[in-house]
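Here's the structure we're looking at; comments come further down.
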Amino acid sequence: MDANNVLEIRGLNVEFASERGRLRALRDVDLTIPRGSIVGVVGESGCGKSTMINSIIGLLAHNATVSSGSISFQGEDLLQKSERELRDIRGQHISMIFQDPMTTLNPVLSIGTQMIDIQYRDQIPKAQKKARSIEMLSRVGIPDPESRLDNYPHQFSGGMRQRIAIAMALQAEPELLIADEPTTALDATLEVQIIHRLKDLQHSMGCSILFISHHLGVIAELCDFVIVMYGGEVVERGTVRDIFHRPSHPYTFKLLECDPARIAETTRSLPTIPGEIPNLAKLPPGCIFADRCERSIGLCREKIPPSTEFAEHHWARCHLAGEVSST
Amino acid sequence: MNTLLELDDVHVRFRTHSPLNAILKGIDDPFVDAVNGVSLEIGEGETYGLVGESGSGKTTLARSIIGLVEPQRGSIRYDGTELVGMPTAEMQKFRGNVGAMFQDPVGSLSPRMTIRSLLAEPFKIHDLSQRNLGQEVNRLLEMVGLNRDFANRYPHQLSGGQARRVGVARALALDPKLVVADEPTAGLDVSVQGEILNLLGRLQQELGISILVITHNLNVVRHITDRMGIMYFGRVVEQGPTETMFHQPSHPYTLALLSANPEPDPDAEIDRLELQGEVPSLFNRPSGCEFHPRCPFADDRCQASFPDLTELSDAHSYRCHHPLHVT
Ligand SMILES: Nc1ncnc2c1ncn2[C@@H]1O[C@H](COP(=O)(O)OP(=O)(O)OP(=O)(O)O)[C@@H](O)[C@H]1O
Ligand SMILES: Nc1ncnc2c1ncn2[C@@H]1O[C@H](COP(=O)(O)OP(=O)(O)OP(=O)(O)O)[C@@H](O)[C@H]1O
Ligand code: SF4
Ligand SMILES: [Mg+2]
Ligand SMILES: [Mg+2]
């Protein structure tokens with residue numbers, strides 16, 4: 001593993017056992033997070049983003065198996081760690097903001113109790129822990145943080161719960177922060193405020209961030225690198241400018257094209273990608289995107305395209321990688 | 001156009017501290033005014049967008065329309081029928097008229113029910129079990145673009161996006177006249193989001209339904225709504241035709257919000273109206289215009305007096321002493 005990277009995933013394969021057979025949810029996934037950088041993950045709903053994150057932090061569902069691959073964090077393979085070791089890593093070195101804030105929050109405990117509890121490792125008086133919690137809440141824009149420490153999760157709005165989960169994740173000052181759609185429930189001004197917070201964190205603490213979002217505007221503003229996933233594979237990865245200005249994989253192309261932010265004239269008929277995601281229990285013999293791809297050639301339906309670095313630090317899993325003209 | 005839904009001066013308050021706890025904390029008035037005098041109308045076949053600050057009362061307003069919270073004051077008339085003060089049994093029956101999509105997709109689906117029973121449930125609740133439920137379930141799955149196999153799955157076996165589609169299917173099950181959709185596409189990639197919005201648009205054309213959509217996604221609001229309202233701190237501070245709101249907003253908060261939207265271009269020039277200061281206290285609301293502590297244009301008058309409602313042409317109205325673009 002390259003010492004300049006905080007996290008490296010190589011050749012990761014994950015399967016779910018289901019009634020329909022083995023669902024191959026992740027196939028040959030590669031991901032690199034250079035130290036101190038922010039890496040964005042975008043892709044189709046159900047393409048395996050949360051499954052990838054859960055593999056990193058060791059919280060895969062019971063019916064999941066990692067069939068091959070490695071996940072090195074600071075030089076150690078997380079897939080070889082015990083439950084206990086992983087729990088320590090999650091508490092101190094890797095923090096997680098889950099897609100659904102209620103994964104983090106306990107509905108029957110007040111917010112204050114929960115925020116103080118997670119500081120159990122710190123040998124400081126309780127009053128100081130409380131003060132720190134208030135400070136964190138006000139930094140994510142929760143009004144009246146002191147008196148609202150007494151409130152329970154259901155007494156907050158969706159976006160407030162999301163911000164509380166963010167505050168709790170940042171409290172640990174992790175080396176790696178994994179955020180699964182952390183700003184979906186926030187208004188645009190708050191979203192920008194949170195982006196600034198995360199960038200501050202990156203600069204002041206050298207924290208690296210893996211950031212999943214469907215909001216392409218946020219990805220463009222926040223991230224240094226981007227990976228694009230489709231149907232359980234990483235189909236393209238590169239710098240944020242490569243992905244937005246020089247997309248190479250036909251799926252990336254389509255994804256950007258479908259963003260309503262790019263469509264100046266208002267329309268009630270928004271662009272979509274015709275067709276369906278293939279059945280992960282019965283994979284096609286060739287490229288995973290071939291059925292929906294406007295550029296596919298005969299080879300695409302016969303052979304799985306390898307991931308090719310067709311330009312420096314710019315990979316795509318497409319037989320035509322590098323040939324496809326950009327926008 | 002006929003009015004379908006008419007809200008007049010709706011107020012909703014929540015208690016945040018028990019009486020004893022409030023005394024201990026020195027809080028005189030341990031309530032938050034989540035919705036503080038909202039009036040708006042939605043016409044038949046119209047799409048109205050409600051956007052605004054996280055915590056400003058959007059979900060609470062939506063819940064009061066579908067009868068899940070009771071306003072303390074004001075009136076909500078649906079097709080001529082007053083909903084405030086309606087007896088519970090009657091309310092139960094009324095709910096079939098309004099399709100609801102909730103903010104939290106997985107959490108709003110009971111974890112122990114299969115997707116098949118979740119989709120059949122609305123028919124059972126409203127005594128429509130004589131219909132061929134198997135057929136109805138297949139119809140709904142197809143409508144939202146999910147394979148029939150999904151009927152056997154449980155909510156936790158779905159990706160966030162797939163759960164979202166199940167939510168849409170449930171909301172539309174009984175062919176409602178009004179759909180209240182709280183963040184209907186949060187957590188979806190842009191192409192699936194396009195599919196869901198096109199689907200709602202198509203159903204609206206075919207069936208003439210009205211839609212109240214609450215969302216933080218400004219790109220979505222711009223494309224799909226006819227009119228929109230901006231909420232800040234429990235009030236609608238500006239409302240009007242969507243085109244006008246984006247091109248000529250009057251309220252400074254509207255401009256701050258709309259200009260914050262991150263663009264899908266890493267080299268985009270950023271031109272935002274930044275808000276100053278902290279979020280104000282809900283227990284001790286600011287005097288005069290409640291936006292004044294954060295408004296770049298505030299002066300003494302803003303601090304002293306609450307701005308009246310100013311009505312421009314085109315059903316465009318706002319509350320501000322120093323409106324933009326208006327001389
Ligand atoms: N426990 C499980 N059992 C069976 N299938 C599962 C399970 N968890 C997820 N899946 C399936 O695996 C695929 C990947 O799901 P995952 O949640 O990782 O997607 P995602 O990219 O995070 O999607 P979204 O953007 O909608 O959150 C989906 O097809 C999903 O239905
Ligand atoms: N059951 C409750 N008890 C106490 N306070 C509540 C309750 N439900 C909501 N509130 C408060 O009411 C205010 C408005 O919340 P609401 O959920 O309506 O906001 P919202 O505009 O939907 O925000 P978001 O965009 O974050 O979803 C918040 O201050 C919230 O804490
Ligand atoms: S490999 Fe072929 S089918 Fe797959 S994305 Fe490239 S061109 Fe399209
Ligand atoms: Mg996910
Ligand atoms: Mg809400």
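The values are calculated or read from the model by the stated rules, or taken from the named source; none is laboratory data. All figures in this text were calculated on a predicted structure; none of them were measured in a lab. Ideal geometry is used to build each Cβ from the backbone, glycine not excepted, and the neighbour counts take in all protein chains shown.
Here is how the numbers come out for the structure above:
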{"quantity": "First in the range A:12-39 and within 14 Å of chain B (Cβ to nearest Cβ) and on the phi > 0 side of the Ramachandran plot, second anywhere and away from ligand 2 (no atom under 16 Å from the Cβ) and small (Gly, Ala, Ser), Cβ under 9 Å, 6 or more apart", "calculated": "A:Gly21/A:Ala281"}
{"quantity": "From A:Ala131, A:Ala169, residue being more than 14 Å from chain B (Cβ to nearest Cβ) and either within 22 Å of A:Ile195 (Cα to Cα) or in a strand (DSSP E or B) (or both)", "calculated": "A:Ala169"}
{"quantity": "Selected residue (criterion: nearest to ligand 1 (Cβ to nearest atom)) from residues of the range B:1-59 that are touching a His at 6+ places or on another chain (Cβ under 9 Å) and away from chain A (no Cβ under 13 Å)", "calculated": "B:Val38"}
{"quantity": "Criterion (touching a Leu at 6+ places or on another chain (Cβ under 9 Å), within 20 Å of B:Leu309 (Cβ to Cβ) and surrounded by 23 or more Cβ atoms within 10 Å (Cβ to Cβ)) met by exactly one of B:Glu53, B:Glu41", "calculated": "B:Glu53"}
{"quantity": "Condition met for B:Gly167 (crowded, with 24+ Cβ neighbours inside 10 Å and either in contact (Cβ under 8 Å) with a residue 24 or more places away in the chain or within 25 Å of A:Ser213 (Cβ to Cβ) (or both))", "calculated": "yes"}
{"quantity": "Number of the exception - B:Lys25 against (1) within 16 Å of ligand 2 (Cβ to nearest atom); (2) buried (at least 17 other Cβ atoms within 10 Å of the Cβ)", "calculated": "(2)"}
{"quantity": "Residue among A:Ser55, A:Ser110, A:Ser70 that is within 16 Å of ligand 2 (Cβ to nearest atom) and modelled with pLDDT of 95 or more", "calculated": "A:Ser110"}
{"quantity": "Residue match in the range B:238-251 (condition: crowded, with 18+ Cβ neighbours inside 10 Å, among the aliphatic types (A, V, I, L, M) and over 30 Å from A:Asn63 (Cα atoms))", "calculated": "yes"}
{"quantity": "Candidates B:Ile214, B:Ile209 - the one that is more than 16 Å from ligand 2 (Cβ to nearest atom) and among the hydrophobic types (A, V, I, L, M, F, W, C)", "calculated": "B:Ile209"}
{"quantity": "Long-range neighbours under 7 Å by Cβ, at least six apart or interchain, first residue closer than 15 Å to A:Ile209 by Cα and assigned to a strand (DSSP E or B) within the range A:87-98, second aliphatic (A, V, I, L, M) and at pLDDT below 90", "calculated": "A:Ser95/A:Ala172"}
{"quantity": "Hey, A:Asp100 among the charged types (D, E, K, R) and within 15 Å of ligand 1 (Cβ to nearest atom) or not", "calculated": "yes"}
{"quantity": "Residue in the range B:169-184 that is away from ligand 3 (no atom under 16 Å from the Cβ), in contact with a helix residue (DSSP H, G or I) (Cβ under 9 Å, 6 or more places away or on another chain) and closer than 20 Å to A:Ala264 by Cα present", "calculated": "no"}
{"quantity": "Pair list, Cβ under 6 Å, 6 or more apart: the range B:176-187 residue within 9 Å of chain A (Cβ to nearest Cβ), other residue assigned to a strand (DSSP E or B) and more than 16 Å from ligand 4 (Cβ to nearest atom)", "calculated": "B:Asp182/B:Ile214"}
{"quantity": "Candidates B:Arg131, B:Arg139, filtered to the one that is basic (Lys, Arg), surrounded by fewer than 16 Cβ atoms within 10 Å (Cβ to Cβ), assigned to a loop (DSSP other than H, G, I, E, B) and away from ligand 1 (no atom under 16 Å from the Cβ)", "calculated": "B:Arg131"}
{"quantity": "Selection count where residues are within 24 Å of B:Cys302 (Cβ to Cβ), touching a residue at least 40 places away in the same chain (Cβ under 8 Å) and within 7 Å of chain A (Cβ to nearest Cβ), scope the range B:245-278", "calculated": "1"}
{"quantity": "Residue check for B:Gly145: assigned to a loop (DSSP other than H, G, I, E, B), surrounded by fewer than 22 Cβ atoms within 10 Å (Cβ to Cβ) and touching a helix residue (DSSP H, G or I) at 6+ places or on another chain (Cβ under 7 Å)", "calculated": "yes"}
{"quantity": "Residues located in the range B:202-219, provided they are facing another protein chain (nearest Cβ under 7 Å) and free of Cβ contacts under 8 Å to residues at least 60 places away in the same chain", "calculated": "B:Asn219"}
{"quantity": "Selection count, the range B:288-305, where residues are more than 14 Å from every other protein chain (Cβ to nearest Cβ) and exposed (fewer than 13 other Cβ atoms within 10 Å of the Cβ)", "calculated": "4"}
{"quantity": "Number of the condition not met by A:Ser68 [criteria: (1) surrounded by 16 or more Cβ atoms within 10 Å (Cβ to Cβ); (2) in a strand (DSSP E or B)]", "calculated": "(1)"}
{"quantity": "Candidates B:Arg77, B:Arg73, B:Arg63, filtered to the one that is buried (at least 17 other Cβ atoms within 10 Å of the Cβ) and away from ligand 1 (no atom under 16 Å from the Cβ)", "calculated": "B:Arg63"}
{"quantity": "Filter pass, A:Glu76 being of a type in the set (Asp, Glu), surrounded by 15 or more Cβ atoms within 10 Å (Cβ to Cβ) and either at pLDDT below 95 or within 16 Å of ligand 4 (Cβ to nearest atom) (or both)", "calculated": "no"}
{"quantity": "Test: A:Gly275 is within 16 Å of ligand 1 (Cβ to nearest atom), touching a Gly at 6+ places or on another chain (Cβ under 7 Å) and not hydrophobic (A, V, I, L, M, F, W, C)", "calculated": "no"}
{"quantity": "Wholly within the range A:183-289, helices (runs of 4 or more DSSP H) carrying at least 2 residues that are within 16 Å of ligand 2 (Cβ to nearest atom) and away from chain B (no Cβ under 12 Å)", "calculated": "none"}
{"quantity": "Members of the range B:103-128 that are surrounded by 14 or more Cβ atoms within 10 Å (Cβ to Cβ), within 14 Å of chain A (Cβ to nearest Cβ) and at pLDDT below 90", "calculated": "B:Gln103, B:Asp104, B:Pro105, B:Val106, B:Gly107, B:Ser108, B:Leu109"}
{"quantity": "Pick from the range B:23-82, criterion part of a helix (DSSP H, G or I) and under 18 Å from the mean Cα position of the chain (by Cα), ranking: nearest to ligand 4 (Cβ to nearest atom)", "calculated": "B:Thr59"}
